[in-house]
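To start, the structure under review is shown below, and the notes come after it.
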Amino acid sequence: MTSDTITFDQLALNKSLLKALDEVGYESPSPIQAQTIPLLLEGRDIIGQAQTGTGKTAAFALPLISNLELKQKDPQVLVLAPTRELAIQVAEAFQKYAKHMKGFHVLPVYGGQDYRLQTRALQRGVHVVVGTPGRVMDHMRRGTMKLDNLKTLVLDEADEMLRMGFIDDVEWVLEQLPEQRQIALFSATMPSQIRRIATKYLTNPEQVTIKEKTATASTIRQRFWPVSGLHKLDALTRILEAEPFDAVILFVRTKIATVELADKLQARGYSAAALNGDIQQKQREKTINDLKKEKIDILVATDVAARGLDVQRISHVINYDIPYDTEAYIHRIGRTGRAGREGDAILFVAPREKRLLHSIEKATKKKIEMMELPSTELINDNRIAKFQQRITDTIATEELGLFHQMMEQYQLEHNTPAIEIAAALAHLLQGDVPFLLQNKPHRSSKENWEQDTRPSRRGDRGDRSRGDRNRGDRGRDHDRGDRKRTARPEMATEEGMVRYRIEVGHSHEVRPGNIVGAIANEGGIDSKNMGQISIYGDYSLVDLPKGLSKDTVSDLKKVWVAGQQLKISEFSKEGNASRANERVVKRKAPPKPTSERVVKRKSPPKAASTDKKAKGKKKDKPRHTTAEKKKAKEKRESKAKKDGTFVKPKKPKIRTNR
């Protein structure tokens, strides 16, 4: 029996759930729901693999709600999600499905919200907890969240938690669970580490895989625009003017880019807002609600901030910055075309990023078509049509009596035709910004793409071949000189990144995964947006995106990793060198040979008889030359003979017996 031939009534769900499903318009289960719900109702462990937007949340929420004991107030279901937004969304789904179950309580727990509010809710009693790994760990360590009666753990978007560096936190939570428990693991992709966790912690899991011809929904139209010649912002403006859209998510790589791009779009007349990890949680929730209520139309976001968003009116996803990995692309465009709706995904690709484009096509098993930017004529026609429509709407809906009188009076006093008055008013409304685009000749996107890519490939091959030929012509000295210069290469910081120093290193047994997880969890920085990490003896260096807020840096200073506070600070070579010198000064340097000290003397020492200060300084005595020592010795012996106190030295005996 397939999902097309069954209904929710046949899945043995609670009647209250069926009533809620009928109200939200769910008619029949999706493939993953049809296969997963019976297994979870039986208490089986499962591994669910399906692309985003296929109904995974309902697939685990519905059966787990059906199995709840509402009289039991301790958490019975724990759902781990990679981001705050996804945790809130999953909690809202639980609440929506269980709205006819009296006494049901679900609690989202995540960083950025007051601990006291979450603690009080846990003390009152909740049936389901949905949280991010870091905050769940904090509550467990504090003893405010007790999982003694936990029945089921759900790992939602497990591959995303791995990518964000939370996998160690997830394993820690798994180790604290009761022996008798049910585990459901859901993931769009199945990396080796996720399979390892499934093998280690799940008991005879049932594999549920929803096979698709492509890794992305067939309802999403995918296109790319080659970034060449025209500025990205100008190209984006053209696309927004020509593409009919309801709501758009623009993805960029860094937090500061979200704010900058949102400001530029606002300046061009669009209702846009930024969404990133530095924005306070209340403001983030307000921004998402504004998007749902059509108060804003464009959301400029980072991968982490937009993870798990499910807003029905999102018609377009534009990858303003191409993602570095294919999984991120799949998750990004999954924000549109959900639940059978149609959507559009547009990708901006520079010539040097063509390899990333091929990787995405290979992963999605779908050829991404090249799009042509809307022509100047099309943009101008759209602008004229929209302007005329505004006039029509204003005449139909607004009260214009006062303005009628003013224009009639002006026409009589100045004897000016009405058409000229209207044109003057339109000019006042437009201001100094040109209304129409200038029609500048330019090559097509395909011509630009081929022009920008072909020479670079030939140049790369030519450089390599010439380098191979020249290797044999180098002399030995020249070759050694090259090796000497490249023996200790300086690791340059990538563009858009800033290098920071953290006070934890090899001596504290720290691992890169610990650092990535801590910074991603507490700083809200996606692991893929972090740069290189270099671990030294008692400190480490990590490259983070430029433009981190003071609050984020302040929070990271207090984070503990491997028993040490990070005490993060911006790295500088001078500051690091001074710290290194402090450590070197504490070591006692070995004494240098006398000959070396003599060579370094700038002038001979003054005679002891003429300089009382020099005479009293013991450190000057070792600096006498051999001739000076011999002369001083003879002088002392001569004086001793005159005084009768001379004693013959025993040096000859020592030399004889050596």
Matching option when the condition is part of a helix (DSSP H, G or I), in contact (Cβ under 8 Å) with a residue 24 or more places away in the chain and surrounded by fewer than 17 Cβ atoms within 10 Å (Cβ to Cβ), among LEU233, LEU240: LEU233
Any hit, the range 258-267, residues being buried (at least 23 other Cβ atoms within 10 Å of the Cβ), in contact (Cβ under 8 Å) with a residue 40 or more places away in the chain and under 19 Å from the mean Cα position of the chain (by Cα): yes
Residue within the range 518-527 that is open to solvent by 30 Å² or more (accessible area, probe 1.4 Å), under 17 Å from ALA257 (Cβ atoms) and assigned to a loop (DSSP other than H, G, I, E, B) present: no
Spans of helices (runs of 4 or more DSSP H) in the range 310-412 with at least 2 residues over 26 Å from ALA242 (Cα atoms): 326-333, 354-364
Complete set of residues in the range 104-120 that are under 15 Å from VAL77 (Cα atoms) and not in a loop (DSSP other than H, G, I, E, B): VAL106, LEU107, PRO108, VAL109
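Among the residues of the range 104-117, how many are under 23 Å from ALA20 (Cα atoms) and either modelled with pLDDT under 90 or in contact with a Phe, Trp or Tyr (Cβ under 7 Å, 6 or more places away or on another chain) (or both)? Break it down into steps so the answer makes sense when it comes.
Filtering the range 104-117 for residues under 23 Å from ALA20 (Cα atoms) gives 104-108.
Applying the additional criterion that residues be either modelled with pLDDT under 90 or in contact with a Phe, Trp or Tyr (Cβ under 7 Å, 6 or more places away or on another chain) (or both) yields 106.
Qualifying residue count, the range 104-117: 1.
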Pairs, first surrounded by fewer than 17 Cβ atoms within 10 Å (Cβ to Cβ) in the range 34-49, second assigned to a helix (DSSP H, G or I), C-beta under 6 Å, six or more apart: LEU41/PRO63
Given (1) under 24 Å from GLN35 (Cα atoms); (2) open to solvent by less than 40 Å² (accessible area, probe 1.4 Å); (3) among the basic types (Lys, Arg), number of the condition ARG181 does not satisfy: (2)
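The values are calculated or read from the model by the stated rules, or taken from the named source; none is laboratory data. These figures come from a predicted structure and were not determined experimentally. Because the Cβ atoms are built from the backbone with ideal geometry, glycine has one as well, and the counts that use them run over all protein chains shown. Surface accessibility is based on the protein's heavy atoms, side chains included, excluding ligands, DNA and RNA. Shrake-Rupley method; radii C 1.70, N 1.55, O 1.52, S 1.80 Å.
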